[in-house]
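To start, the structure under review is shown below, and the notes come after it.
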2 protein chains.
Amino acid sequence: MKSNQITIKDIARELDISPSTVSRALKDHPDISPKTKKQVRELAEKLNYQPNSIALSLRSSKSNTIGVVIPQVVHFFFSTIISGIEDIAYAAGYSVMVAQSNESYDREVMDTKALFNNRVDGILVSMSRETTDYAHLEFLHNRGIPMVFYDRVCDSIDCSKVVVDDFDGGYRATKHLIEQGYKRIAHLAGPHSLHMFRQRLDGYKKALQEHGLPIDESLILPENASDDENVAKELTERLLNLDERPDAIFANNDIAALGAMITIKEHGLKVPSDIGIVGFSNWRFTALTEPTITTVAQPGFEMGQEAARLLIEAIEAKDDEVITSVTKVLKTELVVRGSSVK
Amino acid sequence: MKSNQITIKDIARELDISPSTVSRALKDHPDISPKTKKQVRELAEKLNYQPNSIALSLRSSKSNTIGVVIPQVVHFFFSTIISGIEDIAYAAGYSVMVAQSNESYDREVMDTKALFNNRVDGILVSMSRETTDYAHLEFLHNRGIPMVFYDRVCDSIDCSKVVVDDFDGGYRATKHLIEQGYKRIAHLAGPHSLHMFRQRLDGYKKALQEHGLPIDESLILPENASDDENVAKELTERLLNLDERPDAIFANNDIAALGAMITIKEHGLKVPSDIGIVGFSNWRFTALTEPTITTVAQPGFEMGQEAARLLIEAIEAKDDEVITSVTKVLKTELVVRGSSVK
DNA sequence: AACGTCGCCGCAAACGTTTGCATTGAATGA
DNA sequence: TCATTCAATGCAAACGTTTGCGGCGACGTT
């Protein structure tokens with residue numbers, strides 16, 4: 001079962017004309033006579049001719065492929081982003097090549113290099129947790145490869161970026177709790193090394209200030225409660241043992257929120273009547289707990305779409321066009337559920 | 001900022017030798033003198049030469065890319081599979097091109113065509129829910145493109161396949177409940193149109209029979225409880241209102257299991273003492289509920305790995321080798337947690 | 001001196017496609 | 001009748017790389 005790809009040459013030989021003519025006929029070039037066009041088209045149809053896009057890429061130095069560097073495919077937020085990217089890319093005739101860094105810097109470097117070698121037309125990047133050296137990205141940028149960052153952006157490189165308004169998300173989550181009448185609101189923060197977690201914290205602080213509430217540093221637990229419910233449980237224990245315990249918790253992510261909720265219940269306290277809870281990310285399970293968890297929905301799909309749009313725009317810009325870098329900030333949405341409504 | 005890719009020709013010109021010599025020098029060909037090799041290698045290093053893999057692909061008619069057709073990237077199980085595919089593919093020097101069918105037949109046809117046009121070396125396919133016509137896949141197969149199915153397989157095409165042993169999963173889940181002393185075990189089944197759900201049901205039945213328990217059709221709710229917790233809740237209501245209510249529920253998926261658990265609690269019953277529960281898929285939240293939910297873990301990562309391995313093996317087989325199709329059946333793992341242990 | 005050997009390297013073709021330019025033959029105009 | 005025009009097509013180069021084959025100079029052998 002040989003792989004017998006039909007080429008323009010095959011058609012040309014069969015019809016006893018030159019490959020050039022076949023090429024032009026297929027493209028409906030005015031130079032070619034209607035009769036020849038018809039013959040060519042019919043034979044191409046009959047043989048199920050498919051243009052070899054590798055040859056096309058080589059000639060045009062355009063691969064119609066965009067590369068995506070992503071920290072973790074399995075995370076809901078990220079896979080949603082891929083879905084959004086894919087949506088726009090396919091509609092615009094691009095294929096999507098995915099490379100997963102697995103939160104490893106070394107892997108990220110290899111991935112960008114591999115994508116570069118595959119001559120992707122552009123690249124969408126969200127950096128790994130480990131990444132602090134940007135040489136591999138600067139290399140691509142200097143080579144003129146169109147690049148757009150999403151979610152985890154690199155400030156020192158001048159290109160378009162798409163981020164979530166984490167500040168606003170933190171602000172709205174906290175404001176919501178305040179409006180529900182909670183007064184002592186704690187925050188389970190994420191690792192300060194990541195910009196987004198600092199933003200959520202700042203939004204939290206702003207909401208407190210705006211409503212005349214004090215910022216009590218003992219209520220801000222800055223440890224890495226990011227992805228481990230056990231850490232969250234331990235931190236919540238600590239909060240509940242304070243002389244003046246909080247009456248609400250804003251967690252930097254849903255897993256932490258759930259961990260907090262479990263611990264609170266273990267202490268015989270009620271959610272939301274004794275303690276209110278808001279999480280972050282709108283994981284599916286937040287709609288399935290008891291009570292359901294109020295959370296901040298991040299627009300992953302839209303983020304993927306927007307990033308892909310910006311990238312394709314940059315790729316398809318004529319050389320003389322000046323592409324100005326833009327940073328799109330997508331709004332989050334507060335999803336109010338049971339855990340925060342008294 | 002022109003895209004100035006360094007080519008072999010650039011190196012050749014700079015060193016005043018021929019491109020052939022450069023190519024051979026870089027490949028450590030014995031014909032080339034050590035001195036020339038050294039010069040070439042040093043200059044290549046200095047200019048950061050990266051071979052143009054498109055040109056390589058064209059020459060060798062091998063793209064070192066594998067295509068993946070996947071129904072839904074955002075599903076945990078599928079994204080885990082991608083992760084496994086990616087893992088093996090990158091280790092073997094292949095890039096991964098992802099195309100999402102979104103459970104649409106039309107989209108799946110377009111996707112396979114697009115991947116074919118991109119001249120992927122092979123393709124991994126899991127069919128969409130809608131797919132009942134296999135012409136587009138047969139076309140690829142007849143063209144000699146190596147192909148491996150995973151999870152949602154097509155029986156009528158002769159190629160390797162990787163599936164989960166859903167029968168065994170259903171069997172083990174049910175057996176576990178029986179061993180825990182549950183006697184009247186209900187089953188929230190998935191849509192019968194999908195093979196895997198029928199398998200889970202059959203495994204359930206086998207376990208009952210093997211342990212001398214009757215198969216009570218009133219305890220098998222065959223409706224689509226697949227992805228909607230509300231359906232599961234309603235079905236559970238029905239079960240609880242039976243004259244002789246069940247003392248355990250095996251749900252075809254974790255969401256349904258959770259829905260059942262919530263409903264049971266609403267009725268003032270206890271899990272696991274009054275009613276035991278087992279789910280399917282090992283979604284993350286099953287470890288976070290109260291009680292935690294016993295479930296059947298599907299080896300998504302391993303499935304991706306295995307499928308990628310089989311595909312690459314087929315791709316790299318010499319023409320004279322005869323590739324025999326194999327079907328790998330991966331075992332599930334029962335994850336015993338709180339919801340099923342009295 | 002003539003011949004063979006060997007180390008090192010370059011030429012040219014090939015992969016499939018596009019495209020500027022040249023070529024052909026026929027039709028038109030003077 | 002000859003030059004001009006035009007429609008229709010072919011030629012060849014190019015994209016970047018690999019590779020079979022042949023060339024060439026240096027050396028050793030008879």
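The values are calculated or read from the model by the stated rules, or taken from the named source; none is laboratory data. It should be emphasised that the depicted structure is a prediction, and the values quoted were computed from it without experimental measurement. Heads up, the Cβs are rebuilt from the backbone with ideal geometry, glycines too, and the neighbour counts pull from every protein chain shown.
Given the criterion closer than 25 Å to B:Val73 by Cα and in contact with a Pro (Cβ under 9 Å, 6 or more places away or on another chain), identify the matching residue among B:Lys342, B:Lys331.
One residue alone meets the criteria, B:Lys331.
Determine whether region A:293-315 contains at least one residue that is away from chain B (no Cβ under 14 Å), over 30 Å from A:Ala91 (Cβ atoms) and out of contact with any Lys or Arg (no Cβ under 8 Å at 6 or more places or on another chain).
No, that holds for no residue.
I'm checking my understanding of the structure. Among residues of region B:25-72 that are over 30 Å from B:Thr112 (Cα atoms) and among the basic types (Lys, Arg), which one is nearest to the chain's Cα centre (by Cα)?
Only one residue fits best here, namely B:Lys27.
One line per residue, one yes/no per condition, for (1) at pLDDT below 95; (2) at negative phi; (3) surrounded by 24 or more Cβ atoms within 10 Å (Cβ to Cβ):
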{"position": "A:Asn64", "(1), (2), (3)": "yes, no, no"}
{"position": "A:Glu103", "(1), (2), (3)": "yes, no, no"}
{"position": "A:Asp111", "(1), (2), (3)": "yes, yes, yes"}
{"position": "A:His141", "(1), (2), (3)": "yes, yes, no"}
{"position": "A:Phe149", "(1), (2), (3)": "no, yes, yes"}
{"position": "A:Arg152", "(1), (2), (3)": "yes, yes, no"}
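Output the helices (runs of 4 or more DSSP H) that fall wholly within region A:57-169 and possess 3 or more residues being among the charged types (D, E, K, R), or say none.
Helices (runs of 4 or more DSSP H) meeting the threshold: A:105-117.
Given the residues A:Ser95, A:Ser79, which is the only one that is within 23 Å of B:Arg143 (Cα to Cα), away from DNA strand C (no atom under 12 Å from the Cβ) and within 14 Å of chain B (Cβ to nearest Cβ)?
Step by step, each of A:Ser95, A:Ser79 is checked, and only A:Ser95 is within 23 Å of B:Arg143 (Cα to Cα), away from DNA strand C (no atom under 12 Å from the Cβ) and within 14 Å of chain B (Cβ to nearest Cβ).
Do we find that A:Ala173 is surrounded by 20 or more Cβ atoms within 10 Å (Cβ to Cβ), within 11 Å of chain B (Cβ to nearest Cβ) and outside any loop (DSSP other than H, G, I, E, B) in this structure?
Considered against the rule, which asks whether it is surrounded by 20 or more Cβ atoms within 10 Å (Cβ to Cβ), within 11 Å of chain B (Cβ to nearest Cβ) and outside any loop (DSSP other than H, G, I, E, B), A:Ala173 comes out as no.
Which condition from (1) more than 9 Å from DNA strand C (Cβ to nearest atom); (2) surrounded by 13 or more Cβ atoms within 10 Å (Cβ to Cβ) is the one that A:Leu58 breaks?
It fails just one condition, (1).
Among the numbered criteria (1) touching a helix residue (DSSP H, G or I) at 6+ places or on another chain (Cβ under 7 Å); (2) away from DNA strand C (no atom under 16 Å from the Cβ), which one does A:Thr21 miss?
Condition not satisfied by A:Thr21: (2).
Among the residues of region B:27-60, count how many are within 14 Å of chain A (Cβ to nearest Cβ) and near DNA strand D (Cβ under 9 Å from one of its atoms).
12
Go through the residues of region A:171-187 one by one and say whether even a single one is within 16 Å of the chain's Cα centre (by Cα) and in contact (Cβ under 8 Å) with a residue 40 or more places away in the chain.
no
Residue-wise test of (1) of a type in the set (A, V, I, L, M); (2) closer than 21 Å to A:Ala297 by Cα; (3) surrounded by fewer than 24 Cβ atoms within 10 Å (Cβ to Cβ).
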position: A:Leu242; (1), (2), (3): yes, no, yes
position: A:Ala248; (1), (2), (3): yes, yes, no
position: A:Asn252; (1), (2), (3): no, yes, no
position: A:Ala260; (1), (2), (3): yes, yes, no
position: A:Glu266; (1), (2), (3): no, no, yes
position: A:Lys270; (1), (2), (3): no, no, yes
position: A:Asp274; (1), (2), (3): no, no, yes
position: A:Phe280; (1), (2), (3): no, yes, no
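Looking only at region B:24-55, filter to residues that are near DNA strand C (Cβ under 8 Å from one of its atoms) and among the polar types (S, T, N, Q); which one of those is surrounded by the fewest Cβ atoms within 10 Å (Cβ to Cβ)?
Among those residues, the one meeting the criterion is B:Ser33.
Starting from region A:46-67, keep only residues that are touching a residue at least 60 places away in the same chain (Cβ under 8 Å), then list their pairs with residues that are within 13 Å of DNA strand D (Cβ to nearest atom) whose Cβ atoms are within a distance under 9 Å, requiring at least 6 positions of separation or different chains.
A:Ser57/A:Ser63; A:Ser57/A:Arg119; A:Ser57/B:Ile54; A:Ser57/B:Ser57; A:Ser57/B:Leu58
Filter region A:113-139 for residues that are without any contact (Cβ under 8 Å) to a residue 60 or more places away in the chain and closer than 20 Å to A:Val74 by Cα; which is surrounded by the fewest Cβ atoms within 10 Å (Cβ to Cβ)?
A:Glu130
Answer with yes or no whether A:Glu14 is away from DNA strand C (no atom under 13 Å from the Cβ), at pLDDT below 95 and either more than 9 Å from chain B (Cβ to nearest Cβ) or outside any helix (DSSP H, G or I) (or both).
no
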